[in-house]
Every structure is written in structure tokens, then in C-alpha cells.
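Since the structure comes first, as C-alpha cells, the remarks are kept for the end.
Just so you know, all these numbers are worked out from the coordinates, no wet-lab data involved. Because the structure is predicted, anything quoted here is derived from the model rather than measured. Cβ: placed from backbone, ideal geometry, glycine included. Neighbour counts: every protein chain shown.
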Ligand code: NAD
């Protein structure tokens with residue numbers, strides 16, 4: 001069951017500590033690697049359609065900029081809070097370092113249930129947030145992107161607000177935009193694509209057959225639905241169960257992930273999909289006896305207790321932080337292979353990086369080139385992680401990824417020397 005008591009920021013710090021045990025890093029520098037450089041907390045006052053003023057708490061955490069501009073998404077969710085944003089910004093640092101793209105990490109969010117507001121209200125709220133963010137962001141400073149409940153629409157609004165206030169054109173100030181506003185082909189699919197590629201590489205490494213492998217996916221938004229479609233279409237896997245916040249649907253003979261998506265687009269949820277033979281709870285989905293489990297919803301989906309009941313052989317984390325540290329320990333002891341978020345869902349930020357490169361050069365790539373470059377980054381990162389896992393006696397792939405990533409951040413920090 002989702003464990004809301006586990007603080008994701010403490011989980012991040014524990015993951016860094018676990019990896020630091022295999023690295024030569026002093027306590028002072030370690031402290032630096034475990035805490036954000038700065039966090040903006042602001043209250044947005046926005047006029048609502050009925051004339052009332054709505055007040056919305058919002059954050060932006062800039063965790064570490066040693067390897068490049070801060071980079072990371074903006075989340076709209078009632079559960080957004082300071083520690084969640086700090087954790088998500090830290091995961092971005094180590095994600096960008098794992099796939100070796102020249103960014104630091106940041107993350108932002110507004111504490112809001114966007115479904116309760118009209119489009120015009122959301123536009124005013126987003127523009128108000130963008131105005132607050134303006135001194136902090138910029139093409140070479142901090143580059144927001146979509147996350148839960150935000151997408152191309154919000155990114156276009158942020159870009160337009162920034163450009164208007166700065167009296168310039170700066171499409172690279174955010175990524176995840178529509179194509180017409182300077183977005184990249186392949187960006188919408190990128191997180192699901194890196195999840196699929198990570199699953200493919202992992203099964204290959206473990207000598208497991210991906211064709212006909214059974215797959216369960218928790219969360220059927222951008223990351224989960226695309227991952228489901230790609231493992232089905234490109235790897236011939238059988239997607240037997242998917243869920244969203246309304247519940248889960250199951251068919252042991254396989255669901256058509258495209259049809260489920262169409263159904264969700266029409267009705268707002270996966271529940272009630274008529275190609276399913278059974279409806280399950282989210283907990284039942286997470287403990288199905290499948291070859292591959294893809295958590296693609298929110299943090300802390302699997303805690304230590306639930307981990308004891310997980311029957312999947314391999315877990316590929318499309319979501320950020322879906323396992324608590326206790327769950328990680330239980331699964332490591334039980335020899336369940338967990339491919340960590342900072343590799344598996346890094347496709348989103350990797351293609352964001354490609355989008356930013358295209359924006360800076362004002363020269364746009366084909367989708368084929370985007371996908372080829374993404375595959376190269378993910379496969380190289382996977383190989384590096386396996387080398388570390390095999391040669392450095394670390395307990396699992398997550399610690400291997402953090403060892404690789406922390407080393408890269410440390411190198412950049414130490415090469416920069418001390419200032420002032
Ligand atoms: P999204 O808003 O498009 O989808 C989220 C999905 O999760 C929805 O289907 C929602 O119904 C479902 N959900 C929420 N709570 C749930 C619960 N308790 N049980 C089951 N399902 C639940 O968001 P997204 O962009 O797909 O993000 C999902 C995860 O992937 C997040 O952890 C996010 O940080 C991570 N991620 C996203 C991207 C990206 O590019 N979109 C990149 C990297 C990581």
C-alpha cells in the first residue's frame with residue numbers, strides 16, 4: 001500500500017548515503033550532495049472566475065548546478081510539499097548524471113488539484129507562477145519541464161510569460177512544449193520509451209525472454225501508458241494489467257494498451273474497460289505474478305510490507321521514487337531486480353535536453369534521430385551501471401546508478417575548485 005509516512009526527501013538522502021559508502025567522499029562534501037542549494041517557496045494570489053482570490057502555495061527547488069543548468073519538471077498536485085519538491089529535484093541531479101547529460105537538477109510544483117479549476121484559471125495560475133520563477137529560470141540557468149498533471153499547454157504558457165517579460169525569444173527556457181512552440185519530436189513518448197529500453201536491456205542482461213513476458217503497469221498517464229504501448233508494440237510483451245487512480249483492470253490473456261488509452265481518454269479512467277476480465281485494486285496489481293512490473297504513478301507506491309508480497313521478477317521504475325528504501329531492501333534480499341527511476345525514466349529529461357539543444361541551435365531533428373540518440377544514451381548508461389554493479393560489489397542496480405552519478409557530480413564540483 002502507498003506509504004504516505006515515508007518522507008521522499010529522507011529516502012533520497014538514504015539512497016545517497018548508501019552509495020557514498022562505496023565512494024571516497026568526506027562528510028562535508030556529502031552534506032552538500034544531500035541538500036538543495038536553494039528553495040523558492042511562494043504563495044500565488046490569483047483571481048478566480050467567480051471573482052474570489054485563490055491562494056496557491058508553490059515551490060521551486062534548485063538542488064545542484066555543478067554539471068550544468070538546473071533542470072526538472074513542474075508538478076500540479078494537492079500533495080505537493082517542500083520535501084517532495086526537494087526530493088524530486090535531487091533525483092533530477094543524479095538522473096542527469098546517470099545518463100550523462102550536462103544538467104544539474106531542479107523541480108517545482110504547485111499545491112493544487114487542477115481538475116477543480118477552469119482552463120483560464122489554470123492559465124492565470126501558471127502565468128503567475130512563471131512570473132515568480134522569472135528571476136530564477138532561464139535557458140542557461142534553470143529549465144522547467146512537465147511532470148504530473150502538467151504538459152505541453154503549461155510549458156507553452158511558461159515560455160510565453162517568460163519571453164514577454166524578458167522581451168526576447170527564448171524557447172529553451174522550458175522543454176516539453178508543443179512542436180509549434182519549439183518542442184521536440186519524440187518528447188511526449190520519451191519517458192515511456194526509456195522505460196521500454198531499460199526493460200529490454202535488463203531482460204537481455206538477465207537472459208530473460210521479453211517476447212510474451214507478462215507486464216503490469218501502475219499509473220496510466222504519460223509515462224505508464226506509453227511504456228505499456230511500447231513494450232507491447234516493440235517487444236511483443238503481454239500487458240496483462242494497468243491501473244490509474246480509479247483502480248486496475250486485468251486480463252491474463254493481455255490487454256490492448258492502445259484501446260485502454262482510448263477508453264481512458266473518453267471516460268477519464270481505465271476502470272470499466274470492457275476488454276478486461278477482472279477489476280483489481282491497485283495493491284492487487286502491484287502483487288500480481290508477472291515477469292515485469294512498471295510503477296508509473298507516484299512516490300512510495302510500494303513500501304516494505306507490500307514488497308514482501310511482490311511477485312514480479314523485474315521492476316522498472318517509470319515513476320520517481322515509487323519504492324521506499326525499506327521496500328528496496330526487501331526486494332534486494334528477495335533477488336527481485338529493480339531498475340531505478342534515475343535510469344529508467346531518464347528518457348524524459350534526455351529528450352528535453354535534445355529539445356533544448358535544438359532550441360539553442362534553431363535547427364530541428366527528425367523523430368528518428370531523436371529516438372536513435374535517446375537509445376544510445378540509455379543503452380550506454382545501462383552498460384555503465386551493469387559494469388559498476390558487477391565490479392564494485394554494490395548490492396543492487398540503484399546503488400550502482402548512484403555510485404556512477406555521484407562520482408560524476410563530485411568530479412565536476414572538485415574540478416571547479418572553491419569559490420569564494
Ligand atoms: P500523469 O499525470 O500523466 O499520470 C499519472 C498517472 O498516475 C495517472 O494515470 C493517475 O491516475 C495515476 N495515479 C495517480 N495516483 C495513483 C495511484 N495511487 N494508483 C494508481 N495510479 C495512480 O503523470 P506522468 O507524467 O505520467 O508521471 C508519472 C510518474 O512518472 C511521476 O512519478 C513522474 O514524476 C514520473 N516521470 C514523468 C516524466 C514525464 O516526462 N512525464 C518524466 C520522468 C518521470
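Numbers at a glance
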read-out	value
Computed [θ] at 222 nm, helices only, for the chain once each DSSP H run of length n ≥ 4 contributes -39500 (n - 2.57)	-14000 deg cm²/dmol
Neighbour-count ranking [beta-carbon atoms within 10 angstrom, fewest first] of 101, 406	101, 406
Alpha carbon convex hull of the range 284-378, projected area averaged over orientations, nm²	7.0 nm²
The range 340-414 - convex hull of the alpha-carbon atoms, volume per residue in Å³	90 Å³
The range 86-134 - Rg and Dmax from Cα coordinates, angstrom	14.5, 39
Exposure proxy order (Cβ contacts within 10 Å, fewest to most) of 39, 349, 99	39, 99, 349
The range 87-193: Cα Rg divided by the 2.2 N^0.38 Å rule of thumb	1.06
Calculated FRET value between residue 391 and residue 100, using beta carbons and R₀ = 25 Å, to 0.05	0.85
Length gained when the stretch residue 43-residue 167 is fully extended (0.36 nm per residue, less Cα-Cα span)	42.1 nm
Ordering of 87-95, 48-56 by packing [mean C-beta count within 10 Å, highest first]	87-95, 48-56
The range 160-262: equivalent-ellipsoid semi-axes (sqrt of 5 x gyration tensor eigenvalues, Cα, Å)	34, 17, 10
Relative contact order computed over the chain (Cα-Cα under 8 Å; 6+ residues apart), in percent	17 percent
Spacing of the two label points (7 Å from each Cα toward its C-beta) at residue 234 and residue 256, in nm	2.2 nm
Where N is the number of residues in the range 32-84, Cα Rg divided by 2.2 N^0.38 Å	1.45
Protection proxy ranking, peptides 301-308, 270-277, 315-322, 387-394, average beta carbon neighbours within 10 Å, highest first	315-322, 301-308, 270-277, 387-394
The chain, Cα convex hull volume normalised per residue, Å³	138 Å³
Equivalent-ellipsoid semi-axes of the range 190-344, from the Cα gyration tensor, Å, largest first	22, 17, 14
